[in-house]
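**Student:** The structure is given below, and queries will be raised subsequently.
Rule-based calculations on the coordinates, nothing more; no lab input. Source: prediction; values computed, not measured. Cβ placement follows ideal geometry from the backbone for every residue including glycine, while neighbour counts extend to all protein chains displayed.
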């Protein structure tokens, strides 16, 4: 789920089999095409967003998703407390209650039908819960990235080395 912190507007919402870097790449691509590039993403401390171990291999201290955001000139901010994540946490509680009930009433029990249902749900949710921003400025910037280049950014990358005996090393 991507939510606009200034307005509580649900910007991107989808069901996925597992919360992973790849599912975030897909959600980000959809978001970018609909809204453009935000100035920043504010997130929890899920390992998609931050390196969890001090001795992470390679020592880059940046995740694949973080690298992609950096290449797109989008800042990533990780919340350090539940209070800092308040708006998103409140939206999560509302979704866990309201969305589950609406899915049940609509007879939806599979992910594909659930994702098809989400667009209408998101519109109804935003009418009810989104609020006007204190400033009317939209801080999203144009995407200005060629489709092939975007595919090169929203992917998993690893450095590999070929040894003298043509052995490949990570």
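**Student:** Taking only C-alpha pairs under 8 Å that are 6+ residues apart, what is the relative contact order of the chain in percent?
**Tutor:** 32
**Student:** Oh, and also: What FRET efficiency do you get for residue 166 and residue 67 if R0 is 22 Å and r is their Cβ-Cβ distance, rounded to the nearest 0.05?
**Tutor:** According to the calculation, E is roughly 0.20.
**Student:** Further question: Can you give me the distance in nm between label points at residue 156 and residue 18, each placed 7 Å from the Cα along the Cα-to-Cβ direction?
**Tutor:** 1.0
**Student:** Another question, then. At a Förster radius of 30 Å, what calculated FRET efficiency corresponds to the Cβ-Cβ distance of residue 119 and residue 75, to the nearest 0.05?
**Tutor:** Step by step, r from the Cβ atoms, then E = 0.60.
**Student:** Treat each spin label as a single point 7 Å out from the Cα along the C-beta direction, and report the residue 136 to residue 92 distance in nm.
**Tutor:** Inter-label distance under the simple model: 3.5 nm.
**Student:** Next up: Tally the DSSP beta bridges in region 2-169 and give the antiparallel ones as a percent, rounded to 5.
**Tutor:** Taking every DSSP beta bridge with both residues in region 2-169, the antiparallel ones total about 55 percent.
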